[in-house]
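Below is one structure; the comments refer to it alone.
Only the coordinates and a few stated rules stand behind these numbers; no lab work does. On a predicted model such as this, the values are computed, not experimentally measured, just so you know. Methodologically, a virtual Cβ is constructed for each residue, glycine included, from the backbone with ideal geometry; neighbour enumeration extends over all protein chains shown.
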Amino acid sequence: MSSSYTQVVVAFDFSHSGRAALYHAIALATGAPTHVLHFVYVIEPARKHDYEYAERMQRAVTDEVEQELRAIKTGPSVHFNVHARIGKPAQEILDLAREVGADLIIVGSKGLTGVERFVLGSVSEHVVREAGCAVMVARPKAYEHVDLMEVREVETHSRYVPPHRYYYSENRLNVRPPDWPIS
């Protein structure tokens, strides 16, 4: 990486999957404050919105991010920027990622299937296919809460087991001590 900060582009559109991307990004940034988040809200040109509308949406996204940060009472400060762009969503997300030298893109997925994806296209799929960095596809959690077993500390064995070298030959996994050469 060229700088000490990790640039993370986050696609946000006020949908459930957009909020999932927001939550994942904030969790990432609060855990490692060297992340700079770039939230992008894309306005499709077919809607004939002007730049005043783009500024209003930029303020709305900023308010949403700040509200979420206040709700979780972050310890270290989270650095973020909000970009409102007019254009095709996937292309604008990729353009911003290129402009900021993104190390990661977080994008929501609406979970379109078959014909819907073919007719409407999938922004997340396009971003995954064309991105020049890692991409995280975020979805709202759909699993029910599960009570897991209690985690207990286990007594450690006093017997030392030296490391072994593993290799695969003749459809078998073989184990040898590391000081033995592999033939």
Quiz item: Arg85's amide H: which non-local residues (gap 5+, or another chain) put their own amide H closer than 5 Å, with H modeled 1.01 Å from N in plane and none for Pro or chain starts?
Solution: Tyr41, Val42, Ile43
Self-check item: Packing-based ranking, highest mean first, of 96-104, 10-18 given that Cβ atoms within 10 Å are counted
Solution: 10-18, 96-104
Quiz item: What residues have an amide H closer than 5 Å to that of His35, excluding those fewer than 5 places away on the same chain, when H is modeled at 1.01 Å from N in the peptide plane?
Solution: Thr6
Quiz item: Under a 5 Å amide H to amide H cut-off, with H placed in plane at 1.01 Å, what residues pair with Arg139 once short-range neighbours are removed?
Solution: none
